[in-house]
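No value in this document is a laboratory result; all are computed from the given coordinates. Bear in mind that the values here come from a model prediction, so they are computed numbers and not experimental data. Every residue, glycine as well, gets a Cβ built from its backbone with ideal geometry; the counts of neighbours run over all protein chains shown.
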Amino acid sequence: MKTELMHIPKPAGTVADILEAKGTEVYAIGPRETVYDAVVKMNEMRVGALPVMEGPKLVGIVSERDYTRRVMLLGRNSRDTPVADIMTAEVITVAPGTSLGECMHIVTRSNVRHLPVVEEGQVVGLVSIGDLVSAVVAQQVETIASLKSFIGSDYPN
């Protein structure tokens, strides 16, 4: 017996829509700064990752995961270790026009939580898996409200 999978519609919208809502400010760190500095900055900015920039050029990304796996668990000293030693150098990026569905596919397939947004070689934003989930949930809430309005009755919450 063959089981048919229900078609699940892909979320509408693009990365640009998320950036329009959350803003385009990008907190970054340099590759020669210490891991300690990166952790302090992530804490202060309440983010889980920082693009690693040499001037305007994206050279990597450093995350809380990088810290736990490449510093803490290996017994390295975060005050002496440069970000370049623990960052992920092969960064997966997206463009502002990338669909939310494609972004969800990328983070799932690649097991990453943050996607720098690059346009014409410049980092113009950063979206997290949390941003993507929030956008999808907001769309679902809007769809439910539209359906309720369409059928003309208000179901109890």
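Amide H to amide H distances under 5 Å link VAL127 with LEU115, VAL117, where only residues 5 or more positions off or on other chains count and H is placed in the peptide plane. Any idea what log10 I(q)/I(0) is at q = 0.11, 0.16, 0.18 Å⁻¹ for the chain, Debye with uniform C-alpha scatterers and no solvent? Here the Debye-derived log intensity ratios amount to -0.53, -0.90, -1.06. With Cβ to Cβ distances under 13 Å as the rule, what net charge do the other residues near VAL123 carry (K, R +1; D, E -1)? It works out to a net charge of -3.
Extending 7 Å from the Cα toward the beta-carbon at both GLU54 and GLU120 defines two label points whose distance is 2.4 nm. Rounded to the nearest 0.05, the FRET efficiency derived from the C-beta distance between ILE151 and ALA21 at R0 = 25 Å is 0.30.
A Förster radius of 22 Å combined with the Cβ-Cβ distance from MET45 to SER134 puts the calculated FRET efficiency at roughly 0.80. The label point for GLU64 and the one for ALA89, both projected 7 Å from the Cα toward the Cβ, are 2.7 nm apart. Residues whose amide H comes within less than 5 Å of that of THR98, counting only those at least five positions distant or on another chain, are VAL15, ALA16 (H built at 1.01 Å from N in the peptide plane).
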